[in-house]
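Just below is one structure, and these are the notes that go with it.
The values are calculated or read from the model by the stated rules, or taken from the named source; none is laboratory data. Here the structure is a predicted model, which is why all the values come from computation and not from measurement. In this analysis, Cβ positions are derived from the backbone assuming ideal geometry, glycine residues included, and neighbour counts consider all displayed protein chains.
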Amino acid sequence: MPTFVIPLEEQAQLRALARATKDKKTADRIRIILALADGHSAKHVAELFLINEDTVTEWRKKYQKRRLFSDWLSMTTTGYTGKLSGDQLRELEAHIEAETITDALAVVEFIQSHYGESYTVNGVTKLLHRLGFVYKHTTLIPGKLDEVKQAQFKAEYEHLRDNLPENEVILFGDGVHPSHNVHATKAWIKRGTEKQVPTNTGRKRLNINGVLELETMQAVTHFADRLNAETTIELFDKIQVGYPNKAKIHLIIDNARYYKNEAVVAYLDNPDCRIKLRFLPPYSPNLNFIERLWHFLKKYIIGIKRRQTFKEFEADVHAFFDHMGDYETRLRKLIGTQMHLIVLNG
């Protein structure tokens, strides 16, 4: 039987709902779904909750088949006793999912105009939580991504990875341009006070072209004044020196123009060159594992530490790459091993 998987954010919503509900039967059903998502078998879950295994299986099927979150809620609760009917709740939920609503007041106005019911902002906020909504940042995605091409590339990569000869290696490459400055972030700050972090003047940046190997969680990097065909070839030289025992080096990269420059193409066509480029589909940074390395660099290494000089900033970035092994556990947790496909809502 296939693994029952629920996204982490959805699991968090379910846990919050289980804590908030006053109906023990509903709370138990939510906890059963979470137990299945944790990898427990239907038989084991049935034993834990002292119910029939067929019942557990049926609840799982209903959860998997739900169209909206409220559809499943209507199956697991004794009924909603608020101002809106079940049909109105489902219509409201569909409206909120279809729109980008940043203020609960807009929901108050929608309910008033469509159903003639008056809610306070606080009341609507509680209603939104009951319907499974949370207030969080929207997710920006490339506007021209192709879901089919992304899925095809992921399948091709996994086939290559699972059948890779011992004398070959897969690397993920990309360039990054971190700036000499600090970044605003969340921190624990005494209520009623502010935590001030001074910024740097100027906008000087580092230009780094690099590749990441997931197996060893190590990177080969090349720092340059600019990223172009010449510095790309210099990086390729470093890669081949760094992997002397690999007959073929599969390098997964984006479609930056310098990778297709005549000089780069000529370099790759040389019989002694062991690098084989594999281009990602356009607008697919989510498939490139090295993007997660750059995220780690910006958030946890550059982060909120202020470097007085650009030289100090550059030294800290170099030190990170020279001692990546010190961060291996954290890097593996953040970077993972699975490509992330973006599923468009529309």
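Against the numbered list (1) in contact with a helix residue (DSSP H, G or I) (Cβ under 7 Å, 6 or more places away or on another chain); (2) closer than 21 Å to E168 by Cβ; (3) surrounded by fewer than 19 Cβ atoms within 10 Å (Cβ to Cβ), L287 comes up short only at (3).
A count restricted to the range 250-266 and to residues that are more than 27 Å from the chain's Cα centre (by Cα) and buried (at least 17 other Cβ atoms within 10 Å of the Cβ) stands at 2. Taking first residues from the range 213-239 that are in the same structural domain as R274 (by TED's automatic domain parsing) and partners that are of a type in the set (A, V, I, L, M) and part of a loop (DSSP other than H, G, I, E, B), no Cβ contact under 6 Å between residues at least 6 apart in sequence or on separate chains turns up. Take A106 and decide whether it is surrounded by 12 or more Cβ atoms within 10 Å (Cβ to Cβ), at pLDDT 85 or above, among the small types (G, A, S) and under 26 Å from the mean Cα position of the chain (by Cα). Criteria not met by A106. Could you identify the single residue in K276, K305, K238, K246 that is touching a strand residue (DSSP E or B) at 6+ places or on another chain (Cβ under 8 Å) and assigned to a loop (DSSP other than H, G, I, E, B)? K246 is the lone residue from the list that is touching a strand residue (DSSP E or B) at 6+ places or on another chain (Cβ under 8 Å) and assigned to a loop (DSSP other than H, G, I, E, B). A single member of R330, R307 is crowded, with 17+ Cβ neighbours inside 10 Å and either touching a Phe, Trp or Tyr at 6+ places or on another chain (Cβ under 6 Å) or modelled with pLDDT under 95 (or both), and it is R307.
Just one residue in the set F321, F279, F296 is surrounded by 12 or more Cβ atoms within 10 Å (Cβ to Cβ), modelled with pLDDT under 95 and under 30 Å from N245 (Cβ atoms); that residue is F296.
Can you find a residue that is aromatic (F, W, Y) and outside any strand (DSSP E or B) anywhere in the range 208-225? No, the range 208-225 contains no residue that is aromatic (F, W, Y) and outside any strand (DSSP E or B). Among the residues of this structure, E234 does not count as one that is modelled with pLDDT under 95, surrounded by fewer than 18 Cβ atoms within 10 Å (Cβ to Cβ) and on the phi < 0 side of the Ramachandran plot. Does I252 meet the test of being of a type in the set (A, V, I, L, M), outside any helix (DSSP H, G or I) and either out of contact with any His (no Cβ under 9 Å at 6 or more places or on another chain) or assigned by TED's automatic domain parsing to the domain that holds R226 (or both)? Answer is yes for this residue. If you go through the range 192-214 and keep only what is at pLDDT 95 or above and among the acidic types (D, E), you end up with just E213. Considering only residues in the range 154-203 that are more than 23 Å from M339 (Cβ to Cβ) and basic (K, R), the one that is nearest to the chain's Cα centre (by Cα) turns out to be K186.
Contact map, the range 85-114: residues that are basic (K, R) paired with residues that are modelled with pLDDT under 90 and surrounded by 13 or more Cβ atoms within 10 Å (Cβ to Cβ), Cβ distance under 7 Å, separation 6+ or inter-chain. Pairs shown: R90/L68; R90/S70; R90/D71.
Just checking, does the range 176-188 include any residue being at pLDDT 90 or above and exposed (fewer than 14 other Cβ atoms within 10 Å of the Cβ)? Looking through the range 176-188, at least one residue is at pLDDT 90 or above and exposed (fewer than 14 other Cβ atoms within 10 Å of the Cβ). In a residue-by-residue description of the range 187-202, the property of being closer than 28 Å to P282 by Cβ and part of a loop (DSSP other than H, G, I, E, B) applies to no position.
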